[in-house]
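Student: Quick one: the structure is below, questions incoming.
The values are calculated or read from the model by the stated rules, or taken from the named source; none is laboratory data. From a predicted model like this one, the values you see are computed outputs, not experimental measurements. Quick reminder, even Gly has a Cβ in these numbers, built from the backbone with ideal geometry, and neighbours come from all protein chains shown. Accessible surface is based on the protein model in full, side chains and every heavy atom, while ligands, DNA and RNA are left aside. Shrake-Rupley method; radii C 1.70, N 1.55, O 1.52, S 1.80 Å.
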Amino acid sequence: MDIYTNNYVIVAIFLILGVLLPVATVSFVGPLLRPKKPTAEKQTTYESGNIPVGDSWVRFNVKYYIFALMFVIFDVETLFLYPWAVAYKELGLFALVEMAIFITLLVVGLIYAWRKKVLEWN
């Protein structure tokens, strides 16, 4: 029983250190070590070297975010095809059926996005 308690104590110590060290570094050590010389030029909004125009709190159309999200979703899901293609010979027919279902779901999602006109750029 003593061995199990010792294991839990070790895990608890690592969890506490895993939370405490980053928080202490960001909160206390970071402000002491970083250079702090604020100037008016450093306080302005940076827009790729151009002088900022207008307010920085402008609302963007949500379609830009949805378009980016669709790209990320399909990009990540295509990454799932690579391990399947590498291990296809060992997995056999079961993997082929599973991947067919996976690709069908991708195509259904793409058709849904196409019908909702998410992929149109205005």
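Student: Tally up the carbon and sulfur contribution to the accessible surface of the chain as a whole percent, 1.4 Å probe, everything protein left in place.
Tutor: Values: 8220 of 11600 Å².
Reported share for carbon and sulfur atoms: 71 percent.
Student: Let me ask something else about it. Find how many whole Å separate the alpha carbon centroid of region 48-75 from the alpha carbon centroid of region 1-23.
Tutor: Taking the Cα centre of region 48-75 as reference, the centre of region 1-23 is 42 Å away.
Student: Skip the ligands, DNA and RNA, and give the accessible area per residue of region 1-116 with a 1.4 Å probe, whole Å². Provide the component values of the computation, followed by the final result.
Tutor: Numbers: 11010 Å² over 116 residues.
Per residue, region 1-116 has an accessible area of 95 Å².
Student: Within 10 Å, at most 14 other Cβ atoms, and a DSSP state outside H, G, I, E, B define an exposed site. Report the longest part of the chain free of exposed chymotrypsin sites (Phe, Trp or Tyr not before Pro).
Tutor: Numbers: sites that count: 46, 57, 60, 80, 121.
No qualifying site falls inside 1-45, the longest such stretch.
Student: Given Cα positions, please report Rg to Rh for region 7-56, the hydrodynamic radius being the Kirkwood one. Mind showing how you got there, number by number?
Tutor: Values: Rg = 19.6 Å, Rh = 14.7 Å.
Reported Rg/Rh (Cα atoms, Kirkwood Rh): 1.33.
Student: Here's a follow-up. Can you give me the pair-distance distribution of region 1-116, C-alpha pairs, 5 Å bins, whole percents?
Tutor: Percent of Cα pairs in each bin: 2, 7, 8, 8, 7, 7, 9, 13, 14, 12, 8, 4, 1, 0.
Student: Oh, and also: If you consider only alpha-carbon coordinates, what radius of gyration and Dmax does region 43-93 have, in Å?
Tutor: Cα-based Rg and Dmax for region 43-93 come out at 20.7, 60 Å.
Student: In the Gaussian network model of the chain, springs joining C-alpha atoms below 10 Å, which of 19, 53, 86 carries the largest mean-square fluctuation?
Tutor: 19
Student: For the residue pair residue 64 and residue 100, what label-to-label distance in nm results when each label sits 7 Å from Cα along the Cα-to-beta-carbon direction?
Tutor: 4.3 nm
Student: Continuing with the same structure: Would you kindly state the longest site-free stretch of the chain, with sites defined as trypsin sites (Lys or Arg not before Pro) in a DSSP loop (not H, G, I, E, B) surrounded by at most 12 other Cβ atoms within 10 Å? List each step's numbers first, then the result.
Tutor: Values: sites that count: 36, 59, 116, 117.
With trypsin sites (Lys or Arg not before Pro) excluded where exposed in loops, the chain gives 60-115 as its longest stretch.
Student: Which one, 3, 48, 121, projects farthest toward the positive side of the charge dipole computed for the chain from Cβ point charges (K/R +1, D/E -1)?
Tutor: With unit charges placed on the Cβ atoms, the residue in question is 48.
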